[in-house]
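Taking it in order: structure first as structure tokens, then the write-up.
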Amino acid sequence: DEERAARIIENVFERPDPTRVVEAQPFFMRVVLDALQRHNRFDLCLKLLHDRWGKRMVQRGATSTFEEWGYNGSWRNGNYSGFMRSQSHAWSAWPAAFLIRGLAGLKIITPGGRTVALNPQRTEFDYELNLSFPAGDIRIRWQKQRLTVEADPGIEICDSVS
């Protein structure tokens, strides 16, 4: 329920007790980001993307996506080993797909994208998305607090579906 979700979000992300919370590694962040978005916390998703991928990877000079957050080693086997498991790991690239789908609030209703639901995010930053489907393209633009959505004739956009 929503009340329980709010308590979990508060205890894990807003006031975490480091003795009780184990931080999700990049692999599981897909589940975390999807859950936060489902509970209307896209703001927290953006913060996690900035703090973890931005600060922990990009600001350290990463040119690929690390398998784990620890830059100098891993605790995975129970003991700290002083090497990073992988500096190029596909599952850690999830933010690229998440941002496109998440910013658009995209839910594909029928195969091929003939019918989709959209709930574009109103963010503090401008963005433009071009989504291509077999049925056609959708263009979403959020610029200067103004939303524009255009779709090719082969695509029907319905109200957002929960």
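Read the figures in this text as sums done on the coordinates, not as results from a lab. These numbers come from a predicted model, not from an experiment. Quick reminder, even Gly has a Cβ in these numbers, built from the backbone with ideal geometry, and neighbours come from all protein chains shown.
Couple of notes before you dig in:
- Count of the range 1-52 residues, restricted to those that are in a loop (DSSP other than H, G, I, E, B), surrounded by fewer than 16 Cβ atoms within 10 Å (Cβ to Cβ) and not hydrophobic (A, V, I, L, M, F, W, C), is 10.
- Residues (surrounded by 13 or more Cβ atoms within 10 Å (Cβ to Cβ) and either touching a strand residue (DSSP E or B) at 6+ places or on another chain (Cβ under 7 Å) or closer than 15 Å to residue 156 by Cα (or both)) located in the range 120-134: 120, 123, 127, 129, 131, 133
- Of all residues in the range 1-44, those satisfying the criterion of being among the basic types (Lys, Arg) and within 16 Å of residue 102 (Cβ to Cβ) are 30, 38, 41.
- Within the range 141-152, residues that are farther than 17 Å from residue 117 by Cβ reach no partner that is among the charged types (D, E, K, R) and exposed (fewer than 11 other Cβ atoms within 10 Å of the Cβ) with beta carbons closer than 6 Å at six or more positions or on different chains.
- Answer from 44, 49, 36 - the residue that is touching a residue at least 40 places away in the same chain (Cβ under 8 Å) and within 16 Å of the chain's Cα centre (by Cα): 49
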